[in-house]
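Below you'll find the structure, written out as structure tokens, and then a few comments.
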Amino acid sequence: MSGAPILVVDDDASILATIQEILEFEGYPVQTATNGAEALLAVERRPPSLVLLDMRMPVLDGWGFIDGLRERGMAFPVLVMTAAQDTRRWAEDVGAAGYLAKPFELSDLLAAVERLRDTAGH
């Protein structure tokens, strides 16, 4: 399953594109979604090794996405990335494996991705 993609979920197109570019440059396969509903469809098509999740999005937010995963009996390591002051608490609320407060350094993102993919056994 080492070829499983990293799913990046964010409604900000520039953030989505930047993260996708960086991860692909580092050799990671990447899937993207602009809201929780798209993300749920993506995980059903191709289960990810890791989910990078914004919390505040239109259509279906991060909490709704996590609820949707649980309803489906699915669980993946999740890294919450949001600009809110409550980033840590929100990550704890949804049982995330980690969090990054926006704006974050790309080196911090890559370090978190490597750590979480390693703990997932990839």
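The values are calculated or read from the model by the stated rules, or taken from the named source; none is laboratory data. Keep in mind the model is a prediction, meaning the values are calculated, not measured. Note: ideal-geometry Cβ built from the backbone for every residue, glycine included; neighbour counts use all protein chains shown. SASA here: full protein model, heavy atoms, side chains in, ligands and nucleic acids out. Shrake-Rupley method; radii C 1.70, N 1.55, O 1.52, S 1.80 Å.
Some notes on this structure:
- Note on E26/D93: beta-carbon distance plugged into 1/(1 + (r/R0)^6) with R0 of 35 Å gives a FRET efficiency of 0.75.
- Among the GluC sites (Glu not before Pro) in the stretch 59-122, those placed in a DSSP loop whose Cβ has at most 15 other Cβ atoms within 10 Å are E105.
- In order through the stretch 57-64: 3J(HN,Hα) via Karplus (6.51 cos²θ - 1.76 cosθ + 1.60), integer Hz, x for Gly, Pro: 9, x, 6, 9, 7, x, 5, x
- Surface listing: M74, M57, M81 arranged by accessible area from highest to lowest gives M74, M57, M81, probe 1.4 Å.
- Close amide H pairs (under 5 Å, H built 1.01 Å from N) link K102 with T82, A83, A84, residues at least 5 positions away or on another chain.
- Answer label for Rg and Dmax of the Cα atoms in Å (calculated), chosen among (i) 29.5, 85; (ii) 12.8, 35; (iii) 14.0, 47: (ii)
- Note on V59 and R45: the extension gain reaches 3.1 nm, defined as 0.36 nm multiplied by sequence separation minus the Cα-Cα distance.
- Relative contact order %, the chain, counting alpha carbon pairs below 8 Å whose residues are six or more apart: 23 percent
- Relative contact order of the stretch 7-48, pairs being alpha-carbon contacts under 8 Å that are 6 or more residues apart, as %: 46 percent
- For the chain, calculated [θ]222 nm from helices alone, where every DSSP H run of n ≥ 4 adds -39500 (n - 2.57): -13500 deg cm²/dmol
- Amide H contacts under 5 Å for V8, placed H, 5+ residues apart: Q31, T32, A33, L52
- Carbon + sulfur, % of accessible area of the stretch 1-57 - ligands and nucleic acids excluded, 1.4 Å: 51 percent
- Residues of the stretch 13-39 falling in the label zone of L110, defined by backbone nitrogen less than 12 Å from a point 7 Å along Cα to beta-carbon, are 22-28.
- Max mean-square fluctuation residue, GNM over the chain, Cα-Cα springs under 10 Å, options D61, D93, D11: D93
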